[in-house]
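Undergrad: Pasting a structure here, questions to come.
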Amino acid sequence: MDEPCRVRPAWPADAPVLASLERRCFNDPWTGESFREALDSPHSFGLVAECRGEIAGYLIGRAILGSGEILNLAVAPEWRRRRVARQLLDSGLEELAARGVEEVFLEVRESNLGAQALYLGAGFRPVGQRAGYYRNPKEDALVLRSPLRSAERNG
């Protein structure tokens, strides 16, 4: 089994690498400028998973007034199914809890069953749907929510 990746804060200087990875993972990718803006905002944060000296994945989150959101999470195809996404998600939820967040939301493509399994396994539950949320290709999003009190999340 591979050794765990090291999760560290993302820096604005990581934006070009994150944008490149984003283009490999998504059909409607964020730009480098989108990443820089998110990483410069006082309300949002980024985490990267470094595996064998390379950025294998990232998470972008946001916390405002006790509510959190996972804005973006991606793992390079060659690093999938190695618990990198779960490591990033767990670290992101810890960061949101440290920022005083009581509940976390995210959107996921209806067709992305792998991501849904990750989120459901981490305690998220469906609370809604956004019609036509994704553009390329056009698809609905499921809205998922998780409380950050650990007894409610996994029990």
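The values are calculated or read from the model by the stated rules, or taken from the named source; none is laboratory data. In this text the structure is predicted, and so the values were computed from the model without any measurement. Neighbour counts run over all protein chains shown; Cβ positions are idealised from the backbone, glycine included.
Undergrad: What are the residues in the stretch 57-109 that are closer than 25 Å to ASN136 by Cα and either assigned to a loop (DSSP other than H, G, I, E, B) or of a type in the set (Ser, Thr, Tyr) (or both), if any?
TA: TYR58, ALA76, ARG80, ARG81
Undergrad: Additional query: Only one of these conditions is not met by ASN27: (1) exposed (fewer than 13 other Cβ atoms within 10 Å of the Cβ); (2) touching a residue at least 60 places away in the same chain (Cβ under 8 Å); (3) in contact with a strand residue (DSSP E or B) (Cβ under 7 Å, 6 or more places away or on another chain). Which number is it?
TA: Failing condition for ASN27: (3).
Undergrad: Just to be sure before I move on: is GLU50 over 17 Å from PHE124 (Cα atoms), part of a strand (DSSP E or B) and modelled with pLDDT of 95 or more in the structure I sent?
TA: Working: over 17 Å from PHE124 (Cα atoms): yes; part of a strand (DSSP E or B): yes; modelled with pLDDT of 95 or more: yes.
Spelling it out, GLU50 is indeed over 17 Å from PHE124 (Cα atoms), part of a strand (DSSP E or B) and modelled with pLDDT of 95 or more.
Undergrad: Just give me the residues in the stretch 103-122 being touching a Gly at 6+ places or on another chain (Cβ under 9 Å) and loosely packed, with under 15 Cβ neighbours inside 10 Å, in sequence order.
TA: Of everything in the stretch 103-122, nothing turns out to be touching a Gly at 6+ places or on another chain (Cβ under 9 Å) and loosely packed, with under 15 Cβ neighbours inside 10 Å.
Undergrad: Within the stretch 134-149, how many residues turn out to be in contact with a helix residue (DSSP H, G or I) (Cβ under 9 Å, 6 or more places away or on another chain) and either modelled with pLDDT of 90 or more or part of a helix (DSSP H, G or I) (or both)?
TA: Residues in the stretch 134-149 being in contact with a helix residue (DSSP H, G or I) (Cβ under 9 Å, 6 or more places away or on another chain) and either modelled with pLDDT of 90 or more or part of a helix (DSSP H, G or I) (or both): 4 in total.
Undergrad: Taking VAL75 as meeting all but one of (1) modelled with pLDDT of 95 or more; (2) of a type in the set (A, V, I, L, M); (3) more than 23 Å from TYR134 (Cβ to Cβ), write down the number of the exception.
TA: (3)
Undergrad: Taking the stretch 52-69 as the search range and keeping residues that are surrounded by fewer than 19 Cβ atoms within 10 Å (Cβ to Cβ) and of a type in the set (Gly, Ala, Ser), which one is nearest to ARG86 (Cα to Cα)?
TA: Only one residue tops the list, namely GLY53.
Undergrad: I'm checking my understanding of the structure. Among residues of the stretch 1-47 that are among the acidic types (Asp, Glu) and out of contact with any Phe, Trp or Tyr (no Cβ under 6 Å at 6 or more places or on another chain), which one is farthest from ASN112 (Cα to Cα)?
TA: ASP40
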